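Some notes on the structure that comes next.
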Amino acid sequence: MSHSASPELWSSRRGFLLAAIGFSVGLGNIWRFPYVVGENGGSAFVIIYLLCAFAIGLPLLVTELAIGRLGRSDPAGSYRAVAQSNGRSTAWGAVGTLAIACVFVVLSFYTVLSGWTFDYFVRGVSGSFNGLDAKTSTEMFAGLMNNPWRLLFWHTVVNLLVIVIIRRGVQRGIEQAANILMPILFGAIVLMVIYSAIVGDLGGAIEFLLQPDFSKVTPKTIMIAIGQAFFSVGVAMATMITFGSYLPEGFSIPRSSVIIILADTGVAMLAGFVIFPLVFGFGLAPSEGAGLIFQTLPLAFGQMAGGQFFGALFFLLLIVAALSSCLGGAEAVVSWVDERWNVPREKGILYFVGSIWLIGITTIMSLGDWSDFYPLSFVPALAEETIFDLLEWFAANILLLTGATFTSIFFGWLVPKQTKLDGLGIQDGTFYAYANFMMRYVIPPVLAVALVLGLLER
């Protein structure tokens, strides 16, 4: 398939929305968001997060979708096409290449983390959580981290699923998968919320998540909210540009983008109402971070009525969130390999997945035998970072922020007004004025500050 010659478009608005929401809703929504909310002032943080999502996430999201639709190519090709048609340097294609690099690096470790959810799903189904105590739960998770063969097996399973789905193309692959996976995700999370409300402490969760405590809000809180909004929406990772290139004409991008952000945030909030009633109901610590999911919650599932079924359902929910994000990221890289290097889709998929599978092995080893191997120990700020830590930091703090800053400058300042309106599929009006103002005057300095602070924090 060559997008530039005959692009395969989304068959329906619903298919596009489900695929885009699927990419946005990842593991970070389901375990990171509730934890961060609780640590940063409850609903005070939620209010700040929503402001950031609509002030930064929304303008960037509509911009990337518009660039994709205008360019009708892979991320780098779309940037080049939009730049060229408006008398700008084709060197702007490098921003698209940067986004490809970012999603490539992220997927190299994200497929490993996704494998954890499969492992715990199998444990839940097999009854491994029954009668679990704190010591055994900690040992179970540590045992997984120190078992490279088991991690490699699940890492391989995730990558094989990506190959099977992506090779089917846009409509029969990504869109069809989203049509199946997203209803499962929404159904599972609603069932889990009801269950947690019945067996857990719903009052404690409401107080924790929805009672604003502005005394906990600091400048750092605001930076965390910006980061969460940014990463949660899924901008600067090439996928939304790729998805935009499959959008039919006459399709309002702003309206769909608002739905994507609301759904993304809604899932994150519902996840809080799954997790925290169980945490408070069973006297567990809410400040466990990643351990909350893989060490603390299995304890609760092991002690409650119907725990085996709902424990398995919870990790199935995590599988869907993780897999849908992997698919969106993979599609972006495969479209680039297809367009840029003229490699047939089937081969391109194998090259890409093979590469992230190999790099993923370094993350697996970083969790166990290489956990005390620090490749950049001669750099004081990075002296105690494993390969996994470095990959994560480089993607989040360098590639993402740099790419998004250049995107906002390019679309805000260098693309003519009429081209922007055509790309967005809207008339001149309030939304355009708002988005354009944010892209020009607010987002570049905010992201530049975030980039500097991210470097200084090391």
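The values are calculated or read from the model by the stated rules, or taken from the named source; none is laboratory data. All values reported here derive from a predicted model rather than from experimental measurement. Backbone-built Cβ (ideal geometry, glycine too); neighbour counts: all protein chains shown.
Could you tell me which residue of region 208-231 is farthest from Leu400 (Cα to Cα), considering only residues that are assigned to a helix (DSSP H, G or I) and without any contact (Cβ under 8 Å) to a residue 40 or more places away in the chain?
So, considering only residues that are assigned to a helix (DSSP H, G or I) and without any contact (Cβ under 8 Å) to a residue 40 or more places away in the chain, the one farthest from Leu400 (Cα to Cα) is Pro219.
Restricting to region 10-51, count the residues that are crowded, with 18+ Cβ neighbours inside 10 Å, at pLDDT 85 or above and either assigned to a loop (DSSP other than H, G, I, E, B) or in contact with a strand residue (DSSP E or B) (Cβ under 9 Å, 6 or more places away or on another chain) (or both).
Going through region 10-51 one residue at a time, the tally reaches 3.
Any residue at all in region 354-363 that is part of a loop (DSSP other than H, G, I, E, B), surrounded by 14 or more Cβ atoms within 10 Å (Cβ to Cβ) and touching a helix residue (DSSP H, G or I) at 6+ places or on another chain (Cβ under 8 Å)?
No: region 354-363 contains no residue that is part of a loop (DSSP other than H, G, I, E, B), surrounded by 14 or more Cβ atoms within 10 Å (Cβ to Cβ) and touching a helix residue (DSSP H, G or I) at 6+ places or on another chain (Cβ under 8 Å).
Would you confirm whether or not region 407-428 contains a residue that is of a type outside the set (Phe, Trp, Tyr), surrounded by 13 or more Cβ atoms within 10 Å (Cβ to Cβ), in contact (Cβ under 8 Å) with a residue 12 or more places away in the chain and more than 30 Å from Trp341 (Cα to Cα)?
Scanning region 407-428 turns up at least one residue that is of a type outside the set (Phe, Trp, Tyr), surrounded by 13 or more Cβ atoms within 10 Å (Cβ to Cβ), in contact (Cβ under 8 Å) with a residue 12 or more places away in the chain and more than 30 Å from Trp341 (Cα to Cα).
Given the options Leu202, Leu185, name the one that is buried (at least 20 other Cβ atoms within 10 Å of the Cβ) and within 22 Å of Val279 (Cβ to Cβ).
None of the others qualify; the one that does is Leu185.
Looking at Thr419, Thr407, which is the one that is under 18 Å from Arg69 (Cβ atoms) and in contact with a Ser or Thr (Cβ under 7 Å, 6 or more places away or on another chain)?
After applying the criteria, what remains is Thr407.
Scanning region 235-288 for residues that are polar (S, T, N, Q) and under 21 Å from the mean Cα position of the chain (by Cα), which turns out nearest to Ala312 (Cα to Cα)?
Within region 235-288, the match that is nearest to Ala312 (Cα to Cα) is Thr265.
Would you call Ala268 farther than 17 Å from Phe129 by Cβ, in a loop (DSSP other than H, G, I, E, B) and either in contact with a Phe, Trp or Tyr (Cβ under 6 Å, 6 or more places away or on another chain) or free of Cβ contacts under 8 Å to residues at least 40 places away in the same chain (or both)?
So Ala268 fails the test.
Give the residue that is surrounded by the most Cβ atoms within 10 Å (Cβ to Cβ), with candidates limited to residues of region 123-140 that are aliphatic (A, V, I, L, M) and more than 13 Å from Leu313 (Cβ to Cβ).
Leu132
Checking the conditions here, which among Val379, Val334 is surrounded by fewer than 21 Cβ atoms within 10 Å (Cβ to Cβ) and hydrophobic (A, V, I, L, M, F, W, C)?
That would be Val379, the only listed residue that is surrounded by fewer than 21 Cβ atoms within 10 Å (Cβ to Cβ) and hydrophobic (A, V, I, L, M, F, W, C).
For the list (1) touching a residue at least 12 places away in the same chain (Cβ under 8 Å); (2) surrounded by fewer than 21 Cβ atoms within 10 Å (Cβ to Cβ); (3) not in a loop (DSSP other than H, G, I, E, B), I need the number of the one condition that Leu297 fails.
(2)
Which one of these does Thr419 not meet: (1) more than 24 Å from Pro248 (Cα to Cα); (2) of a type in the set (Ser, Thr, Tyr); (3) assigned to a helix (DSSP H, G or I)?
It is condition (1) that Thr419 fails.
Val217 fails exactly one of the following numbered conditions: (1) surrounded by fewer than 24 Cβ atoms within 10 Å (Cβ to Cβ); (2) under 28 Å from Ser78 (Cβ atoms). What is the number of that condition?
Unmet condition: (2).
Quick check: anything in region 324-337 closer than 26 Å to Val279 by Cβ, part of a helix (DSSP H, G or I) and touching a Gly at 6+ places or on another chain (Cβ under 7 Å)?
Yes, the conditions are met somewhere in region 324-337.
Write out, first by first residue and then by second, each pair whose Cβ atoms fall under 8 Å of each other, whose residues are 6+ apart or on separate chains, and whose first residue, in region 306-320, is more than 14 Å from Val274 (Cα to Cα) and assigned to a helix (DSSP H, G or I) while the second is at pLDDT below 95 and among the polar types (S, T, N, Q).
Gln308/Asn130
Tell me which residues, restricted to region 186-228, are in contact with a Ser or Thr (Cβ under 9 Å, 6 or more places away or on another chain) and not acidic (Asp, Glu).
Answer for region 186-228, where residues must be in contact with a Ser or Thr (Cβ under 9 Å, 6 or more places away or on another chain) and not acidic (Asp, Glu): Leu202, Ala205, Leu209, Leu210, Gln211, Pro212.
What number goes with the only condition from (1) farther than 22 Å from Gly77 by Cα; (2) out of contact with any Leu (no Cβ under 6 Å at 6 or more places or on another chain); (3) surrounded by fewer than 17 Cβ atoms within 10 Å (Cβ to Cβ) that Ser366 does not pass?
(3)
Scanning region 129-182 for residues that are farther than 30 Å from Leu284 by Cβ and polar (S, T, N, Q), which turns out modelled with the lowest pLDDT?
Per the stated criteria, the residue is Gln171.
Determine which member of the set Asp201, Asp264 is charged (D, E, K, R) and closer than 28 Å to Ile100 by Cβ.
The conditions single out Asp264.
Go through region 205-227 and give me each residue that's more than 22 Å from Pro277 (Cβ to Cβ) and of a type outside the set (Ser, Thr, Tyr).
If the condition is that a residue be more than 22 Å from Pro277 (Cβ to Cβ) and of a type outside the set (Ser, Thr, Tyr), then Phe214, Val217, Pro219, Lys220, Ile222, Met223, Ile224, Ala225, Ile226, Gly227 are the ones that fit.
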